[in-house]
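J.: My questions will all concern the structure given below.
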Amino acid sequence: MNATPERSKGTGPRRTPGTALLLGAYAAAVCVFLFAPIVIATVLSFSSAPQLIFPPPGYGLSWYKEALETRNYISGFWVSTIIATSTALISAVAGTGAAIAINHYRFVGRSAVQVLLMLPVALPGVVIGLNLLFTLPLYGMKTGMVATTFAHSLLGVSYVTYLVLATLANYDLTLEQASLNLGASRIQTFWRITFPLIRPGIGAGAAFAFLISFDNVALSIFTSGNDTLPLRLMQKIRFYPDPSVAAVAAVLVLLSLVVLLLFGKVLQQRDIGQLSE
Amino acid sequence: MTERSPAAAPAPDPDADPAAGQVAGGRGKAAQARRLHPWLWLLPALALLIPFFVMPLGILARNSVYRDDPTALMVPDFTIDNYVRMLTDPYYLDVFTNSLWIAFLVGIIALFVSYPFAYYVVRWARRSRKLLIWAIYMPLIVSVIVRVFGWIVITADSGLINNLLVGVGFIDRPLQILYAVSGMMIGLTHRYLPLMVLPLVNAIAKIDPALLTASAGLGAGRFRTFALVIVPLSLPGIVVGFQLVFAGVLSDYVLPNLMGTTRFRMLAPAIYDEAIGNVSWASAASMAVIMIVIVVAVLLITNLAFRRYAPWARTL
Amino acid sequence: MSLPSRFATPDQPDEAESLTAGNDVDLRLVGVSKFFGAVHALKDCTIDVRRNEILALLGPSGCGKSTLLNIVAGFLDPDAGDVWLRGRHVNDVPPNHRNTGMVFQHYALFPHMTVRQNISYGLHARKLGAEVIDQRVKEMVSLLKFEGLEERYPAALSGGQKQRVAVARALAIRPDVLLLDEALSALDKNLREEMQIELSLLLRRLGITTILVTHDQQEAFTLGDRIALMEHGRIIQVGQPEDIYLKPQSKFVVEFMGSANRLSGTVEQTGEGEGVVRTRCGFVFPIPPGSSGLSTGRSVLAYVRAEDLMLSHEPTAVHAGAPARIVLVTFLGAKSRFVIELSDDQILVERSGGDGPAGFSEGDNVYVSFPLERCHVVPDD
């Protein structure tokens, strides 16, 4: 009655089909749990009724039409997109520089810098947001897109640094030595050798920073009025929810997938062997 | 003709500077210029972090000892009244204990929900492993607002669950799940589950299968092997997962705001209300400082406990 | 000829110029020392490399040879001492301005560039014209014999091919000095020996000054015009291969060079007042010519190589001690190996020749002797 182990060596206690079925069903249930709200929100976006009834009484695209005509959503979308793009750029530059500094050099204060770069993600978002609320007036800055961009970039830098460092772990430093030895300057070495080879990591980091920024609430509530899309959605959900939120939600899911696919393609293209100089 | 090069006695070189670092060492203008290099690379990151992260932390600490004035925003002072109030006023104490309690509960629930799933992913699922890992990552990519909205539809008084239960005749009146602690906890568990699953998967995957064969060979049944070999060896993953979930839940703003209730106040919305609603910056600052202390303390305590009670696990 | 003091500053280039220009010395290191934290990696190294010469830095791992090479290339700064390349004091010159060409142990070929782009990389950096670059690339391809591979990426090359491209890339820039950092050690044995010969011929034909770092004695001997043996950060002995092998000047050199029997003994005076060495296992022989530091009563180590020892069934002239017994005979094909027991000590004797052990079998009593000039006696420190 005991099934033969699936792996050839060291498989541990024998696995019965019974247990496999049970655990498999459990895993499926967890997956259902994980996807349920997303699926339901997406289905609801096609509802024809104004109430949040599930299953919807009828189907249609009316809520998409409604969402696309709501100024609130449109302007929120653009604000969030601009902030997220700027955040991705700033994070990519700052994070890559930090990763190179940490990876290539052993300098006094290196561990302190590593800890510092990890802190923005470790500390609660509301705390960082609160701190910025306190500090912005000192720099003569007002809450708004610029402040929010800088705030989101704090998180972005952390993630980009981490991802680029991971890429650098597989990176051969003697390549840079070879480049210097052959006569290239340090700047040339960075652009022609280092950068092309760590581009995948930078791309992944930038994509992640974009998504993190777009989705961010804890910082935005302090640094922006009510301008970003998540904040506007939150407000709508709290006070007068209707399936238009679902429609926007569905569009956001699509957006996230597109961003990921885009960067996935970028990652693939940078495959060694297809890059030209 | 054999040459001989002078090999002098190894007197420590007075010109050498052993503390100059391993990069270049030595004297010379070029070497000194090179010591600046890492800092040049760090410039953009530091230009961002120092004014917008480091300095604000200092301002936070400073503000927490200022005084809130009903007429004039916040008055420079040095007082620990804010902190005293935090620890004595029942409102604030409630906020802290609520959040700690929920964070702890969700952490435990997440652990128990995740463990069998992680175990299955590592030890059983072969064809579906990649799919399952993707299934864990996917919700993280979708905006939290989207996920919360879905839960609202599911848990509302006229939502999916209640409609089902009432329709079947299980209950007469809808259960208050949404806008109650239970709804909030469902949402929190859902949001932070991946943060528990992934470290667990990593830790369980690292367990040497030979150990499990050895255990079976020594006569241990499946349950004994699971309890005495697998669970202890996955401890690093359990600890990391718990820390991530705990810190996340404690700092969460969206879930309490959208699915919680004002009768059960949580820390993050409370800080926001204090700062923006009440404009009591000093109060809010002291709450934030205490929050940081709690998070750091929990991390340290779990790490220390881990090291003390499972020293053998450190090398895993 | 006096060497410049190691406190010579760049303000006195004339002194350095005059010292090196006329002597055709491409590389001069004087008093170079390097610390890594508390580790004293290089201790006061001084050496010259002449034009067209191939110098092999040979030593066990950790002896500092790679550190020395990196200092020449400019990737590390010495904590003390000076480096002159073609008469130019280069301590403060960054690695991309030293005109040295380095071949790395794992080749360091740029994975995202084709072979052609790799080779022309240094030429582009020097802003040479497209035609010159093209010409140079063709030259390198035929010199290192990898026609047809120009458009491939490094991932599509075999180890041997990568090696050739790496050498070509370094030579393309026409460096003053070529630096090989264990460049052949990543190849498998047969390929390595092939490349050693090919490189040796190529470098001599091109007449390019070369420093190569290796831990492989055969490689050093095949490629090097001169060998510099290093141990624990110090240059122990420099000389041509035959000198190193036949006239080792220290215990380290002998032991590094190969399987030599090490016999402990003491220096004694004979009745006629002549010094002899008496080994514990029973050999008595006059102090070999060229030995130094052997005063009466000194403990010494006498080294004789396995292949220099001779066996016979009868006692021979001088050097034979008490009779010895063969305890093990191994036929290895090109040579035979005998383990001899000689009053508590065990000695290894090797005898080449396809005719095998030829009359000597286990259990035989034999007499062991050796030519005096093949014995190296050094003080036992």
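J.: Beyond a 20 Å Cα-Cα separation, which of these cross-linked pairs lie in this structure: C:LYS251/C:LYS335; A:LYS65/A:LYS236; C:LYS65/C:LYS189; C:LYS247/C:LYS335; C:LYS34/C:LYS162?
T.: Values: C:LYS251/C:LYS335 26 Å; A:LYS65/A:LYS236 17 Å; C:LYS65/C:LYS189 22 Å; C:LYS247/C:LYS335 24 Å; C:LYS34/C:LYS162 32 Å.
Beyond 20 Å between Cα atoms: C:LYS251/C:LYS335; C:LYS65/C:LYS189; C:LYS247/C:LYS335; C:LYS34/C:LYS162.
J.: Next question. Hey, what angle do you get for helix C:189-206 against the long axis of chain C, alpha-carbon based, 0 to 90 degrees rounded to 10?
T.: Between helix and principal axis, roughly 60 degrees.
J.: In degrees, nearest 10, range 0 to 90: what is the angle between the Cα axis of helix B:55-64 and the longest Cα principal axis of chain B?
T.: Helix B:55-64 and the main axis of chain B meet at about 50 degrees.
J.: For segment A:32-91 and segment B:110-182, write down the distance between their C-alpha centroids in whole Å.
T.: If we compute the Cα centre of each part, the gap is 19 Å.
J.: Going by the alpha-carbon gyration tensor, a ≥ b ≥ c the square roots of its eigenvalues, is segment C:259-379 rounded (a/c under 1.5) or, if a/c is not under 1.5, prolate (a/b greater than b/c) versus oblate?
T.: On the way: a/c = 2.32, a/b = 1.94, b/c = 1.19.
Prolate, because a/c is 1.5 or more and a/b exceeds b/c.
J.: Next question. Gain in length, A:ILE187 to A:ARG71, computed as 0.36 nm per residue apart minus the alpha-carbon separation, to one decimal in nm?
T.: Values: separation 116, 0.36 × 116 = 41.76 nm, distance 4.64 nm.
Net length gain for the segment: 37.1 nm.
J.: P(r) for the protein assembly as shown: what percent of alpha-carbon pairs falls in each 20 Å bin, starting at zero?
T.: Taking all Cα pairs of the protein assembly as shown, the binned fractions are 11, 30, 29, 20, 8, 1, 0 percent.
J.: Which of the lysines could a cross-linker bridge to B:LYS130, judged by Cα under 29 Å and excluding same-chain residues fewer than eight apart?
T.: Hits, sequence-local ones excluded: A:LYS9, A:LYS265, B:LYS206.
J.: Ignoring everything except DSSP H segments at least 4 long, calculate the 222 nm mean residue ellipticity for chain C; use -39,500 (n - 2.57) per segment, divide by total residues, nearest 500.
T.: After summing the helix terms and dividing by residue count, I get -7500 deg cm²/dmol.
J.: What residue among B:ARG129, B:ARG265, B:ARG35 shows peak mean-square fluctuation when chain B is described by a Gaussian network model with Cα springs under 10 Å?
T.: In the Gaussian network model the winner is B:ARG35.
J.: Shifting gears a bit: Gaussian network model of chain C, Cα springs within a sub-10 Å range: biggest mean-square fluctuation belongs to which of C:ALA172, C:ALA156, C:ALA358?
T.: C:ALA358
J.: Something else now. Could you work out the relative contact order of segment A:71-269? I mean the mean sequence separation of Cα pairs under 8 Å and 6+ apart, divided by the number of residues, in percent. Walk me through the numbers before you get to the answer.
T.: Values: 224 pairs, mean separation 70.1, N = 199.
RCO, segment A:71-269: 35 percent.
J.: Count the DSSP beta bridges whose two residues both fall in segment C:126-242, then state the antiparallel fraction as a percent rounded to the nearest 5.
T.: On the way: 5 of 10 bridges.
Around 50 percent of the beta bridges assigned by DSSP in segment C:126-242 are antiparallel ones.
J.: Sticking with this structure for a sec: Kirkwood Rh over Cα pairs of segment A:71-269 into Stokes-Einstein at 10 °C, 1.306 mPa s: D in µm²/s?
T.: In µm²/s, the coefficient is 87.
J.: Answer rounded, prolate or oblate for segment A:142-241, using the Cα gyration tensor with square roots of eigenvalues a ≥ b ≥ c: rounded when a/c is under 1.5, else prolate when a/b is larger than b/c, else oblate. Provide the component values of the computation, followed by the final result.
T.: Details: a/c = 4.66, a/b = 3.08, b/c = 1.51.
Note, shape of segment A:142-241 comes out prolate.
J.: Among rounded, prolate and oblate, which fits segment B:81-315 when a ≥ b ≥ c are the square roots of the eigenvalues of its C-alpha gyration tensor, a/c under 1.5 means rounded, and a/b larger than b/c means prolate? Walk me through the intermediate numbers first.
T.: On the way: a/c = 2.41, a/b = 1.37, b/c = 1.77.
It is oblate, given that a/c is not under 1.5 and a/b is not larger than b/c.
J.: At 222 nm, what helix-only mean residue ellipticity would chain B give, in deg cm²/dmol to the nearest 500, using -39500 (n - 2.57) for each DSSP H run of four or more?
T.: Estimated from H runs of four or more residues: -21000 deg cm²/dmol.
J.: Just to be sure I understand: with springs between alpha-carbon atoms less than 10 Å apart, which residue in B:ILE171, B:ILE186, B:ILE80 has the highest mean-square fluctuation in the Gaussian network model of chain B?
T.: B:ILE171
J.: According to a simple spin-label model (label point 7 Å from Cα along Cα-to-Cβ), what is the distance in nm between C:VAL132 and C:HIS313?
T.: 7.6
J.: Counting Lys +1, Arg +1, Asp -1, Glu -1, what net charge surrounds C:VAL25 among other residues with beta carbon under 9 Å of its beta carbon?
T.: Around C:VAL25, the surrounding residues sum to +1.
J.: Summing -39500 (n - 2.57) over the DSSP H runs of n ≥ 4 in chain A and dividing by its residue number, what mean residue ellipticity at 222 nm do you reach, to the nearest 500 deg cm²/dmol?
T.: Per the formula, -23500 deg cm²/dmol.
J.: In nm, give the distance between the simple-model label positions of C:SER361 and A:LEU261, each being 7 Å from the Cα along the Cα-to-Cβ direction.
T.: Taking the two extended label points, one gets 8.4 nm.
J.: If you take the beta carbon distance between B:ILE141 and C:LEU206 as r and set R0 to 60 Å, what does 1/(1 + (r/R0)^6) give as a FRET efficiency, to the nearest 0.05? Let's see the in-between values first.
T.: Numbers: r = 58 Å, r/R0 = 0.96.
Rounded to the nearest 0.05, the efficiency is 0.55.
J.: Please report the spacing between the Cα centers of segment A:216-266 and segment A:131-196 in Å, no decimals.
T.: 26
J.: Return a whole-number percent for the relative contact order of segment C:28-143, with Cα pairs under 8 Å and 6 or more residues apart as the contact set. Please report the intermediate quantities before stating the final value.
T.: On the way: 109 pairs, mean separation 23.4, N = 116.
In percent, rounded to a whole number, it is 20.
J.: Please determine, in degrees from 0 to 90 and to the nearest 10, the orientation of helix B:281-309 with respect to the longest principal axis defined by the Cα atoms of chain B, where the helix direction is its Cα long axis.
T.: Relative to chain B, helix B:281-309 is tipped by roughly 70 degrees.
J.: Right, something else. Among DSSP beta bridges lying fully in chain C, give the percent that are antiparallel, nearest 5. Can you show the working numbers first?
T.: Working: 59 of 77 bridges.
The antiparallel fraction comes to roughly 75 percent.
J.: Take the Cβ-Cβ distance between C:LEU246 and A:SER111 as r, set R0 to 56 Å, and report the resulting FRET efficiency rounded to the nearest 0.05.
T.: Details: r = 54 Å, r/R0 = 0.96.
Result of the calculation: an efficiency of 0.55.
J.: Excluding same-chain residues fewer than 8 positions from A:LYS142, which aspartates and glutamates have a Cα within less than 18 Å of its Cα?
T.: Within the straight-line cut-off, A:LYS142 pairs with A:ASP227.
J.: If you add up the charges near C:GLY160, with Lys and Arg at +1 and Asp and Glu at -1, over every other residue whose beta carbon is less than 13 angstrom from its beta carbon, what do you get?
T.: On the way: positive: C:LYS145, C:LYS162, C:ARG164, C:LYS189, C:ARG192; negative: C:ASP188, C:GLU193, C:GLU194, C:GLU198.
It works out to a net charge of +1.
J.: Right, another one. What distance in nm separates the two pseudo spin-label positions at B:ILE108 and B:ARG307, each 7 Å out from Cα along the beta-carbon direction?
T.: 2.7
J.: Taking only C-alpha pairs under 8 Å that are 6+ residues apart, what is the relative contact order of chain C in percent? Spell out each step's value before the answer.
T.: Details: 775 pairs, mean separation 55.6, N = 381.
Contact order relative to length: 15 percent.
We did not get these values from a lab; they are worked out from the coordinates using the rules stated. Keep in mind that what you see is a predicted model, and the values were worked out from it rather than measured. Positions of Cβ are backbone-derived with ideal geometry, glycine not excepted, and every protein chain shown enters the neighbour counts.
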